[in-house]
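These notes are about the structure you will find just below.
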Amino acid sequence: MSYSVGDVAKLSRVTVRTLHHYDDIRLLRPTARTTAGYRRYSDDDLARLQRVLCYRELGFGLDQIAAILDRKDVDPLDHLRQQRALLVERAERLQRMIAAVEKVMEARQMGINLDPTEMFEVFGESDPTRYADEVEQQWGTSAAYLESRRRTAEYTKDDWLRLKAEQEQIQARFVAVRSAGQPASSVEAMEVAEEHRQSVNRWFYDCDYPMHRGLGELYVTDPRFTATFDRVTPGLARYIRDAIHANADRRSAQDTG
């Protein structure tokens, strides 16, 4: 079976001019020619062309490819193994690049103006973009969500670091009060709950007591939030929720009193 230069061009999606050039530099010489001088390519020629194109895709120069393919101590199967290894490596690198771009896109949707490296430095493994689509679908039209996006879109890496530190301090205070044996309805626990509400006010959106109560409820109804808090200490999510509710009840009693 032999192929004309036009056949090879169609099969490989390489121009006839390129095939002529490969012949001129002895990178891909056709096995035969017709009596009229036209090039005729064999199946082995097509296999070599496939290897040439693969190495080209991987960024090798034509001189490098010729040197690789003309080595007598390497058989075609070894070439395929090498190409496969290089392609897998490139695919993994591209996948990492795609993941980085997607992370930036999701962060932008949530108003987080950080690149992937900065996001990791701030949030570590606690990726805040994991539920970006769900958050937008559930709260995307709410005033609180829109206000949160407006504010966070202006935050720098330092802002996020300060926010994270503040949240960790509040969480540590909840743990300390609970460890001291104070119930969630104690004054000490309610004061930490109020600090938590004020933090939401400062950083994200105006969080009144009914909204804060709903946020606390989310900590125990959404297993992902629950798992995040309970990894610190078992039962912490419910304790925070109860403290938030107690603080809201205290304010309601003050207003009606």
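The values are calculated or read from the model by the stated rules, or taken from the named source; none is laboratory data. Everything quoted here is computed from the prediction, not taken from an experiment. These accessible areas exclude ligands, DNA and RNA; they are computed on the full protein's heavy atoms, side chains included. Shrake-Rupley method; radii C 1.70, N 1.55, O 1.52, S 1.80 Å.
Given the C-alpha centroids of the stretch 190-245 and the stretch 11-30, what is the distance between them in whole angstrom?
Going from one Cα centre to the other spans 68 Å.
At 0.36 nm per residue, and after removing the present C-alpha to C-alpha distance, how many nm does the segment from Gln95 to Leu46 gain when stretched out fully?
Gain in length upon complete extension: 14.7 nm.
Give me the accessible area per residue for the stretch 160-257, probe 1.4 Å, as a whole number in Å².
With the other protein chains kept in place, the stretch 160-257 gives 53 Å² per residue.
Between Glu168 and Ser252, what length in nm is gained on full extension when 0.36 nm per residue of separation is reduced by their alpha carbon distance? It would help to have the intermediate numbers written out before the result.
Values: separation 84, 0.36 × 84 = 30.24 nm, distance 2.77 nm.
Gain on stretching Glu168 to Ser252: 27.5 nm.
So how much accessible area does Leu77 have, in Å² to the nearest 10, using a 1.4 Å probe?
Roughly 90 Å² of Leu77 is accessible to a 1.4 Å probe.
Could you derive backbone 3J(HN,Hα) for the stretch 210-222 from the dihedral phi with the Karplus parameters 6.51, -1.76 and 1.60 (θ = phi - 60°), listing whole Hz in sequence and x where the residue is Gly or Pro?
These are the phi-based 3J(HN,Hα) values: x, 5, 5, 4, x, 5, x, 4, 4, 5, 10, 8, 9 Hz.
What figure, in Å² to the nearest 10, do you get for the accessible area of Glu92 with a 1.4 Å probe and non-protein molecules left out?
Rounded to the nearest 10, that gives 100 Å².
Using 0.36 nm per residue, how much length does the chain from Arg17 to Glu195 gain when fully extended, once their Cα-Cα distance is taken away?
Numbers: separation 178, 0.36 × 178 = 64.08 nm, distance 7.28 nm.
Gain on extension, Arg17 to Glu195, equals 56.8 nm.
Ignoring ligands, DNA and RNA, what percent of the accessible area of the stretch 168-257 is carbon or sulfur (1.4 Å)?
Working: 2520 of 4710 Å².
C and S atoms contribute 54 percent here.
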